[in-house]
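S.K.: My structure is below; once you've seen it, I'll send some questions.
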Amino acid sequence: MQATSALGLKKERLTDLQPPTAAVLSGIVPGPRPRSAAVTRLLALAALATLAFGVFVACRAAYLAWTDAWVAPLQLSPDSRDVLAIRMQQAKEEDDRARFESERTGAKAEIDAIDVSLEKLLALKGAYGSAIRWSTSDHDGQLAALRQQKSILEGQRAMMVDAIVRDEAALQRAERNVAAGVATDSALEQAKSTLARTRVTLSEKELDLARVSAAIDEASREATALFGAGSNVSATGSRSADHASPDVVRFDEVRINVELQIARLQAERREAEARERAAESSVETLDKLRRELESTPQFQATQREIDLAFVPYPHLKGVHPGDAVYVCNWFLFDCHEAGRIKHLYPGEVVADDPWGSAARGRYVELEMSDRYAVIQRTLRVRGQPRPEAAREAAIVMAH
């Protein structure tokens, strides 16, 4: 009963509408069909695919941003400020090396000259004993000649003594003859004159004999001193009075002067050797520093332009020679390969990281195919996929 009433009410309302519309709504006359359900489904699938692709791109960009190493590029040339400082340092080191080389050459020449002087002085010192022996031999010859002269003078003195005895006897005979009236006074005076001359001659011979005896004593003492000096060459500072003759003292003075010169030259030689060693050590240190400096990018930039990148330590494990270098136009998107990692330089440096903060890291050399990319603030290095990095990225994205 209620269903019949509802149907009648619906037919009354439909009669108030326009005939075509009422007919269509009543189902009596068929109207135009709505959009196809397939088209709706396709559009929905396209929108879903677009959303999925966008999510994929975003996820991939986030993944690559997490796994890529971020570096700060820079370019060095011979006119760069850092390179000019290296060139100035290099010029100073070359001047220092030339100065050390000059010092080493001068010290070596000084050592050679000192060696020649020492050789001659040592030869002179070695001739000290020979000189004393020669002087001893010479004094022995003089002593023998003096002794022979003394022997002659002693013979002459004996002859003069005999002559005086004879002259005294002759004088006594002349006095007796004069007293007896046999001889004249002139004969007596002649006898007295002869005796006087003989006595004067005897006095001269005794004086000569005293002189020769004194010379013999002096020569004997000199020979004894020389013999003692020759027997004990090293005791130049402790001579006894018997061995300290003037000749020995002169020899000792010469020898002491020679020894002092030898000691002075040996000290100068040690000083020259120390200067030579110091100069050689300085040259070796400069050469070592130069070899280390030649391995730095700043030194290599003195010869050619070089493309570098600063890699902070947290990103260094993802950078290896041969890895690709990417530049992105929209931070994480629109990235393309711009070059390769050519060389990893040793040694720590402190520079601005890709985000402008001071950090510790190392330099790498870039081999760029797109030179425009070097002027960008940041570059990304992408090598072989790292499983640990992929796991870290997945954990971060999951959270």
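The values are calculated or read from the model by the stated rules, or taken from the named source; none is laboratory data. From a predicted model like this one, the values you see are computed outputs, not experimental measurements. FYI the Cβ positions are ideal-geometry reconstructions off the backbone, even for glycines, and counts take in every protein chain you see.
S.K.: Under 9 Å between Cβ atoms, at least 6 apart or on separate chains: pull out the pairs that start in the stretch 76-98 with a residue that is in contact (Cβ under 8 Å) with a residue 40 or more places away in the chain and end on any residue that is surrounded by 11 or more Cβ atoms within 10 Å (Cβ to Cβ) and among the basic types (Lys, Arg).
M.R.: PRO78/ARG87; GLN90/ARG290; GLU93/ARG290; ARG97/ARG290
S.K.: Determine which single condition ALA6 fails, assuming it passes every other condition in (1) hydrophobic (A, V, I, L, M, F, W, C); (2) at pLDDT below 50; (3) surrounded by 11 or more Cβ atoms within 10 Å (Cβ to Cβ).
M.R.: (3)
S.K.: Now a separate question. Can you tell me which residue within the stretch 189-209, out of those that are within 30 Å of SER220 (Cβ to Cβ) and charged (D, E, K, R), is surrounded by the fewest Cβ atoms within 10 Å (Cβ to Cβ)?
M.R.: GLU204
S.K.: Residues that are modelled with pLDDT of 85 or more, farther than 27 Å from SER77 by Cβ and not charged (D, E, K, R), at least 1 per element: which strands (runs of 3 or more DSSP E) completely within the stretch 344-399 meet that?
M.R.: Working: elements: 349-352, 358-368, 379-382.
No strands (runs of 3 or more DSSP E) qualify here.
S.K.: Another one. Residues in the stretch 99-129 that are in contact (Cβ under 8 Å) with a residue 24 or more places away in the chain and either closer than 14 Å to SER281 by Cα or aliphatic (A, V, I, L, M) (or both): how many?
M.R.: Result for the stretch 99-129: 11.
S.K.: For GLU222, all conditions in the list (1) more than 60 Å from the chain's Cα centre (by Cα); (2) crowded, with 16+ Cβ neighbours inside 10 Å hold save one; what is the number of the exception?
M.R.: Only one criterion in (1) more than 60 Å from the chain's Cα centre (by Cα); (2) crowded, with 16+ Cβ neighbours inside 10 Å is unmet by GLU222, namely (1).
S.K.: When the stretch 291-321 is examined, which residues are found to be small (Gly, Ala, Ser) and either touching a residue at least 60 places away in the same chain (Cβ under 8 Å) or under 23 Å from TRP355 (Cα atoms) (or both)?
M.R.: Just the residues of the stretch 291-321 that are small (Gly, Ala, Ser), to begin with: 295, 301, 309, 318.
Those that are small (Gly, Ala, Ser) and either touching a residue at least 60 places away in the same chain (Cβ under 8 Å) or under 23 Å from TRP355 (Cα atoms) (or both): ALA301, ALA309, GLY318.
Yes/no matrix, rows are residues, columns are (1) hydrophobic (A, V, I, L, M, F, W, C); (2) touching a strand residue (DSSP E or B) at 6+ places or on another chain (Cβ under 6 Å):
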site	(1), (2)
LEU48	yes, no
ALA58	yes, no
PRO73	no, yes
ARG81	no, no
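S.K.: A further question on this structure: Filter the stretch 156-188 down to the residues that are out of contact with any helix residue (DSSP H, G or I) (no Cβ under 9 Å at 6 or more places or on another chain) and assigned to a helix (DSSP H, G or I), then identify the one that is surrounded by the fewest Cβ atoms within 10 Å (Cβ to Cβ). Break it down stepwise before answering.
M.R.: Here is the first cut: in the stretch 156-188, the ones out of contact with any helix residue (DSSP H, G or I) (no Cβ under 9 Å at 6 or more places or on another chain) are 158, 162, 165, 169, 176, 179-181, 186.
From what is left, the residues that are assigned to a helix (DSSP H, G or I) are 158, 162, 165, 169, 176, 179-180, 186.
Working: ALA158: 12, ASP162: 11, VAL165: 11, ALA169: 12, ARG176: 12, ALA179: 10, ALA180: 8, SER186: 10.
Taking the candidates together, the pick is ALA180.
S.K.: Same structure, new question: Go over the candidates ARG211, ARG270 one by one and state the one that is in the same structural domain as LEU171 (by TED's automatic domain parsing), assigned to a helix (DSSP H, G or I), modelled with pLDDT of 85 or more and of a type outside the set (A, V, I, L, M, F, W, C).
M.R.: Numbers: ARG270 fails: in the same structural domain as LEU171 (by TED's automatic domain parsing).
Exactly one of ARG211, ARG270 is in the same structural domain as LEU171 (by TED's automatic domain parsing), assigned to a helix (DSSP H, G or I), modelled with pLDDT of 85 or more and of a type outside the set (A, V, I, L, M, F, W, C), namely ARG211.
S.K.: Still on this model: Tell me yes or no: at least one residue of the stretch 298-320 is in the same structural domain as ARG377 (by TED's automatic domain parsing), over 37 Å from the mean Cα position of the chain (by Cα), on the phi > 0 side of the Ramachandran plot and modelled with pLDDT under 85.
M.R.: No, there is no match, as no residue in the stretch 298-320 is in the same structural domain as ARG377 (by TED's automatic domain parsing), over 37 Å from the mean Cα position of the chain (by Cα), on the phi > 0 side of the Ramachandran plot and modelled with pLDDT under 85.
S.K.: Kindly provide the set of residues from the stretch 33-70 that are assigned to a loop (DSSP other than H, G, I, E, B) and at pLDDT below 75, ordered by number.
M.R.: The answer is ARG33, PRO34, ARG35, SER36.
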